[in-house]
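Colleague: Take a look at this one; I'll ask things after.
The values are calculated or read from the model by the stated rules, or taken from the named source; none is laboratory data. Treat the numbers as computed from the prediction; the structure is a model and nothing was measured. Cβ coordinates were reconstructed from backbone atoms using ideal geometry, including for glycine residues, and neighbour counts include every protein chain displayed. When the accessible area is computed, the model is the full protein with side chains, heavy atoms only, and any ligands, DNA or RNA have been set aside. Shrake-Rupley method; radii C 1.70, N 1.55, O 1.52, S 1.80 Å.
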Amino acid sequence: MQQPPVPMVDIIRGPFAESAHLGHAVLCDETGEIAQAWGDPDTVILPRSSAKMLQALPLVASGAAEAFGLSTERLALSCASHEGAPVHVAAVNAWLSDLELSDNDLICGPQPSRDSALKLQMIRDGQSPCRVHNNCSGKHAGFLTLTRHLKAGPDYVDPAHPVQTSVKELFETVTGAPTPGFGIDGCSAPNFATTMHGMARAMAFYASAHTRSDTLSKAAAALTQAMIAHPLLVAGEGRACTHLMRAAKEPVAIKTGAEGFFIAILPQRRQGLALKITDGATRAADCAVAAILASLGVLDPDHPDVKRSLNPDVLNFAGLQTGEIRRAPSFP
């Protein structure tokens, strides 16, 4: 029987709960079984950019990462939704250069940098955004690396392309079920659907991968370790992913996705978390994932970088605090 989403986050103004955000979340153990659930574990979702470590799995499992000598920084970038800051742009450009490719070989589309200083400087200089500024350009550099390794054609986002068929195959392996289909993501790549339970099961596979020695587990462990080692490359300054990973009391990989999705990979606990806010609000997803991780003891709720997601103030244009964002009373 389908379960409704549960209240997760309230927006408070004065003495009133002005808005409310509902969602689903699942925490799985290393066996893939549900340890805790909120809402409906069988809800079908598109994980969006929270699936990037799944999309990067064939890059490592195929041997392409080793063949091209990819560093842990480049593995982290392959899982990133980065800010398009100078550090990200330089790293992806260097990767493309090593492949003897250029911005024109990326299929992700141009996107203005989210780094305010770089964005304004580019406007002043009359420069247009490039594909390398796209938050998914690291993932696409990974796709291009795998394309070279497979000696496949250039249209690597075509669902029938060997890159995407390999992504689909391994996506279904770690989620534990056939995907019911896909939608085309903002970067033009297929984004495969699964259930909340399937996504949490996949994250638990990553979280426990370091305990196994098969090729797929070793690939998942390498990607997890790279994300944990390079939180700045995974997102950027001011982003919840980066700040929460830095603030965590134990190693954890945390990754946002569009439309209110979030995952967390907890290697010490061998547990994986998937979370979806049904109305797609990022402010609620930031708060809800911080609330669950704080309740587990992974995050200190009083840490400044945790509070900025868990319980941020709502300010008006005069800088006055008019309210706050906070977890719903019964959650988590």
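Colleague: Residue by residue through region 240-254, note down the ones that are crowded, with 20+ Cβ neighbours inside 10 Å and touching a strand residue (DSSP E or B) at 6+ places or on another chain (Cβ under 9 Å).
Modeller: Those that are crowded, with 20+ Cβ neighbours inside 10 Å and touching a strand residue (DSSP E or B) at 6+ places or on another chain (Cβ under 9 Å): A240, C241, T242, L244, M245, A248, V252, A253, I254.
Colleague: So, in region 104-118, of the ones that are crowded, with 16+ Cβ neighbours inside 10 Å and more than 22 Å from the chain's Cα centre (by Cα), which residue ends up farthest from C187 (Cα to Cα)?
Modeller: L118
Colleague: Right, next: In the set A204, A222, which member is under 16 Å from C28 (Cα atoms) and either out of contact with any Leu (no Cβ under 8 Å at 6 or more places or on another chain) or in a helix (DSSP H, G or I) (or both)?
Modeller: Of the residues listed, the single one that is under 16 Å from C28 (Cα atoms) and either out of contact with any Leu (no Cβ under 8 Å at 6 or more places or on another chain) or in a helix (DSSP H, G or I) (or both) is A204.
Colleague: Output the residue which, of all residues in region 255-280 that are part of a loop (DSSP other than H, G, I, E, B) and open to solvent by less than 20 Å² (accessible area, probe 1.4 Å), is farthest from A229 (Cα to Cα).
Modeller: G280
Colleague: Of all residues in region 46-68 being more than 14 Å from the chain's Cα centre (by Cα) and not in a helix (DSSP H, G or I), which is surrounded by the most Cβ atoms within 10 Å (Cβ to Cβ)?
Modeller: S62
Colleague: Same structure again: Out of T147, T195, T224, I need the residue that is open to solvent by less than 60 Å² (accessible area, probe 1.4 Å), among the polar types (S, T, N, Q) and within 22 Å of S97 (Cα to Cα). Which one?
Modeller: Step by step, each of T147, T195, T224 is checked, and only T147 is open to solvent by less than 60 Å² (accessible area, probe 1.4 Å), among the polar types (S, T, N, Q) and within 22 Å of S97 (Cα to Cα).
Colleague: Scan L96, L27 and give me the residue that is closer than 19 Å to V132 by Cα and touching a residue at least 40 places away in the same chain (Cβ under 8 Å).
Modeller: Within the list L96, L27, the selection yields L96.
Colleague: Return the residue satisfying two criteria in turn: it lies in region 1-16 and is open to solvent by less than 70 Å² (accessible area, probe 1.4 Å) and of a type in the set (A, V, I, L, M), and of such residues it is nearest to G323 (Cα to Cα).
Modeller: I12
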